[in-house]
Amino acid sequence: MGLERKVDVPVYDLSLIRGIWEVRVKKHRQKQKKEQDRIEKSALAKIDQAWQYRIYCKTLKTTERNLLHHYLERENLIDIQPCTEGEQQDQQDQKDSKENKLIFQLNGDRWMNFPKELQWMTYLKEWHVRGTRISRLPEYLALFTQLTVLEIPKNTIAELPPEIGKLTELKELNVSYNRLSRVPPELGNCENLKRLELTGNLNLSELPFELSSLKQLVHLDVAENKFVSIPICALRMSGLQLLDLSNNSLTDLPQDMDRLEQLVTLFVHKNNLSYLPHCLSNISTLKMIVVSGDELNCIPTRLCRNPDIKFIRLYDNPLSEAKRKEEEKKKEENKRRRWREQREEAKDSREKEFIEAYVSSLKDRDTVPYSTTKVSISCLL
């Protein structure tokens, strides 16, 4: 019988191995982030943009090229010197004229794409694009790092690109009456955002949790969509002052709505609410609530009898309600047709403008109607 051979089996502590790999992964990610920052700060992108601009200018006629140069030129900053009242007025006029150069406006259904010249105007601070047939935002949007206002209502935009998260200076975003079905989580990186309007996108039913980081947001409007509950991220927007959830499919409100400690105005009319939670009476800043009273049967006494709160209940006229349901049925049957969508969007927009005008007329009153009946009047000419 031979001698048994001893085999040495190495024994390792897996926690040590995991620790080594975690350190390596961390260093690798730091290296990747550093490289990405280097590329973003590199002048190569600006050089490439300048060459693309030169190539484009070669395709233009002399008069067109001169007009483009004149449009893109900007004034140099000047030192501030003591001046008279008249000179101050002239300087203010010059300042207003200069600020107008930082605003881009586009209107009319003849536009199906953004003009090519826009990609070189990265100094712009505001975009106002309304009533066009543009269906997507340009790929170079991320270059507009100084943009503070992006107002693009009543177009045919189907999605917001993830690059919108790079617009860290953005303060106002209006994408109402478009065709959005989702909002990118990258929008949560726009931490300076104060006003977000997503009215009337029809297929929008949720917001990403990443929007919870929008702590400076004071105005959130998601009316005329398909929300069945208040987005969780909205309850974590601690600075929110106005919340518009009207014309959705809400059946109740969460019991922790008093997390919105700075809420002033709440619109929840045209939903299926049967009661309002008692926690609303804990919000000391609340000044106005607008609800639909057709199905509402339970209201906290502290809420509707509080003299500091304008509590407005809207009732639909039975005839107009039946008419509205009939129109909704027709809309479902013909939702794939563009002309029907345009007609419905215009109708919704007028209705929202009417409600806003009516509510604003009540803000300065000492007392408001305890309930309101909305009546539709049609005139045949």
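The values are calculated or read from the model by the stated rules, or taken from the named source; none is laboratory data. Model, not experiment: these values are computed from the prediction. Cβ atoms come from the backbone with ideal geometry, glycine included; neighbour counts cover every protein chain shown. What goes into the accessible areas is simple: the full protein's heavy atoms, side chains included, and nothing from ligands, DNA or RNA. Shrake-Rupley method; radii C 1.70, N 1.55, O 1.52, S 1.80 Å.
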Legend entry - Which numbered condition Ile232 fails, given (1) among the hydrophobic types (A, V, I, L, M, F, W, C); (2) touching a Phe, Trp or Tyr at 6+ places or on another chain (Cβ under 7 Å); (3) more than 24 Å from Ile289 (Cβ to Cβ): (3)
Legend entry - Which numbered condition Val290 fails, given (1) of a type outside the set (Lys, Arg); (2) open to solvent by 20 Å² or more (accessible area, probe 1.4 Å); (3) outside any loop (DSSP other than H, G, I, E, B): (2)
Legend entry - Residue satisfying all of: in segment 102-136; farther than 16 Å from Arg179 by Cα and among the aliphatic types (A, V, I, L, M); surrounded by the fewest Cβ atoms within 10 Å (Cβ to Cβ) among these: Ile103
Legend entry - Residue tally, condition open to solvent by 60 Å² or more (accessible area, probe 1.4 Å), more than 18 Å from Glu163 (Cα to Cα) and among the charged types (D, E, K, R), over segment 187-240: 6
Inset, instruction - Would you check which residues across segment 115-132 are modelled with pLDDT under 95, of a type in the set (A, V, I, L, M, F, W, C) and in contact with a strand residue (DSSP E or B) (Cβ under 8 Å, 6 or more places away or on another chain) and list them? - result: Leu118, Met121, Leu124
Legend entry - Which numbered condition Thr285 fails, given (1) more than 19 Å from Glu224 (Cα to Cα); (2) modelled with pLDDT under 85: (2)
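Does Tyr177 satisfy the condition of being part of a loop (DSSP other than H, G, I, E, B), more than 17 Å from Gly200 (Cβ to Cβ) and in contact (Cβ under 8 Å) with a residue 40 or more places away in the chain? Please lay out each step first, then the result.
On the way: part of a loop (DSSP other than H, G, I, E, B): yes; more than 17 Å from Gly200 (Cβ to Cβ): no; in contact (Cβ under 8 Å) with a residue 40 or more places away in the chain: yes.
Taking the combined requirement at face value, the residue does not satisfy it.
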Inset, instruction - Within segment 70-82, identify whether any single residue is modelled with pLDDT of 75 or more, open to solvent by 30 Å² or more (accessible area, probe 1.4 Å) and touching a helix residue (DSSP H, G or I) at 6+ places or on another chain (Cβ under 7 Å), and answer yes or no. - result: no
Legend entry - Hits in segment 239-264 (condition: more than 14 Å from Leu217 (Cβ to Cβ) and touching a strand residue (DSSP E or B) at 6+ places or on another chain (Cβ under 8 Å)): Leu245, Ser246, Asp252
Inset, instruction - Please state which of the following conditions Leu150 fails to meet, knowing it meets all the rest: (1) surrounded by 20 or more Cβ atoms within 10 Å (Cβ to Cβ); (2) closer than 18 Å to Val222 by Cα; (3) over 13 Å from the mean Cα position of the chain (by Cα). - result: (3)
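Step by step: first the residues of segment 167-184, then only those that are within 12 Å of the chain's Cα centre (by Cα) and open to solvent by 10 Å² or more (accessible area, probe 1.4 Å), then the one that is farthest from Asn225 (Cα to Cα). Which residue is that?
Start the filter on segment 167-184 by keeping residues that are within 12 Å of the chain's Cα centre (by Cα), which leaves 170-178, 180, 182-184.
Next cut, open to solvent by 10 Å² or more (accessible area, probe 1.4 Å) only: 171-172, 174, 177, 182.
On the way: Lys171: 23, Glu172: 20, Asn174: 15, Tyr177: 10, Arg182: 11 Å.
Result: Lys171.
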